[in-house]
Amino acid sequence: MSRYWSDIVHRLTPYVPGEQPALAHPVKLNTNENPYPPSPRVLEAIREELGDAGESLRRYPDPTALKLRETVAAYHGIRADQVFAGNGSDEVLALTFQALLKHDKPLLFPDITYSFYPTYARLFDVDYRTIPLDDAFAIHVDDYAVPNGGILFPNPNAPTGRPLPLADIERLVARNADSVVVIDEAYVDFGAESAIGLIDRYPNLLVVQTVSKSRSLAGMRVGFAFGNAELIGALNRVKDSFNSYPLDRLAQAAARAAYQDEAWFRDTCAKVIASRERLAAGLTALGFDVVPSAANLLFARHPGYDAAALVSRLREKEIFVRHFKAPRIDQHLRISVGTDAECDMLLDALRDIFSAYVS
Ligand SMILES: *Cc1c(COP(=O)(O)O)cnc(C)c1O
């Protein structure tokens, strides 16, 4: 607290990112990073962009990231003016809150969802109302048929990993024509259906994606929004009132190369999906209730052990998973899917912890 702070700063509740432990070899299953490196073409593209002496760094990057947007637009079969690129999808979401979701009627999002949403709402003074998930953590789109200034949720949802069928999303978007529906597809590549194919038909649909999870580039900070050119125009107006150059040169080159190596992308996604199913079976065998997931994470609770206690026991073994001290989910662990070796280390550690409890 300081008398120098702007008034709003006193009222913020900042998002707390998952821990980045300063250990040599942590088993890091707490921030949903990809366990595999990015495509080798990404490294080549970065080196090429740098040149021998880094001479390109002297100049500002393309403020519109046009080449990157053209590549990603072609990849999805849409036009570049239907694509916005920002500094991670977190920034894209922040701009979306300001550009499209601040109205007299409240923004709607689930009670259990990405915890950055209420943080942005407070920062940008956006009125919001939460809609409860059902007891199995499913979203029911009919619950959103109330007056609103916008609707926002991830598909698959976070931190549950539970996907929603595209038909449900289309139904929601079709009958919510008076405000924008934002689908945050951070995890879509691990098994859910993207809504990008609907943007030509629905001018009120914005789809947000990131290279952080399925393309192994969390460290580069690149995210996208896909939608009608009018929605993208609003994002550009806010961006150019805040930071004209959200994506540096290396990030633009790296993200572009990631979209040019489809084989690498498909292969790493397939490996993560296979490991997820294997880990889900292992956790179930240990007595966990595991939420069905289409993401690179599992949301699970053990009826016999306190979640916070499990997190600290695992931490002692340098295994990191995420826990949210929030209503309805404080007995759940959110476990990122690692390599099979990492998942086995987690399962072995849990077995150890459970046997120590008994003896
Ligand atoms: C990881 C995540 C993001 C943020 O991704 P970045 O592109 O790394 O900023 C956004 N939404 C959800 C639901 C996420 O899980």
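The values are calculated or read from the model by the stated rules, or taken from the named source; none is laboratory data. Here the structure is a predicted model, which means the values were calculated and not measured. Neighbour counts are summed over all protein chains in view; Cβ atoms, including those assigned to glycine, are modelled from backbone coordinates with ideal geometry.
Structural remarks
- Residue check for Pro40: more than 14 Å from the ligand (Cβ to nearest atom) and within 30 Å of Asp134 (Cβ to Cβ): no
- Enumeration of residues in the range 58-71 that are basic (Lys, Arg) and part of a helix (DSSP H, G or I): Arg58, Lys67, Arg69
- Long-range neighbours under 9 Å by Cβ, at least six apart or interchain, first residue outside the structural domain of Val337 (by TED's automatic domain parsing) and within 9 Å of Phe84 (Cα to Cα) within the range 211-234, second more than 11 Å from the ligand (Cβ to nearest atom) and among the acidic types (Asp, Glu): Ile232/Asp81; Gly233/Asp81
- The range 72-183 holds helices (runs of 4 or more DSSP H) entirely within its bounds, and those carrying 2 or more residues that are within 15 Å of Leu205 (Cα to Cα), away from the ligand (no atom under 15 Å from the Cβ) and at pLDDT 95 or above map to 88-100, 166-175.
- The residue list Thr268, Thr284 contains one member that is under 30 Å from Asp352 (Cβ atoms) and touching a residue at least 24 places away in the same chain (Cβ under 8 Å), which is Thr268.
- Cβ separations smaller than 8 Å between residues 6+ apart or across chains give the following pairs from the range 170-188 residues that are assigned by TED's automatic domain parsing to the domain that holds Pro147 to residues that are polar (S, T, N, Q) and surrounded by fewer than 21 Cβ atoms within 10 Å (Cβ to Cβ): Glu185/Ser194; Val188/Ser194.
- For the range 334-357, the condition of being over 21 Å from the mean Cα position of the chain (by Cα) and among the aromatic types (Phe, Trp, Tyr) holds for at least one residue.
- When each of Ala195, Ala186 is tested for being modelled with pLDDT of 95 or more, more than 12 Å from the ligand (Cβ to nearest atom) and under 29 Å from Val272 (Cβ atoms), the lone residue that passes is Ala195.
- The lone criterion from (1) over 30 Å from Ala258 (Cβ atoms); (2) of a type outside the set (Lys, Arg); (3) out of contact with any Lys or Arg (no Cβ under 7 Å at 6 or more places or on another chain) left unmet by Ile335 is number (1).
- Breaking point among (1) touching a His at 6+ places or on another chain (Cβ under 8 Å); (2) surrounded by 20 or more Cβ atoms within 10 Å (Cβ to Cβ), for Asn34: (1)
- Among the residues of the range 133-146, those that are loosely packed, with under 15 Cβ neighbours inside 10 Å and more than 19 Å from Val173 (Cα to Cα) comprise Asp134, Asp135, Ala136.
- Matching residues, the range 215-241, being surrounded by fewer than 23 Cβ atoms within 10 Å (Cβ to Cβ) and within 16 Å of the ligand (Cβ to nearest atom): Ser216, Ala218, Gly219, Arg221, Leu235
- Residue count for the range 315-336, restricted to those that are out of contact with any strand residue (DSSP E or B) (no Cβ under 6 Å at 6 or more places or on another chain) and among the aliphatic types (A, V, I, L, M): 2.
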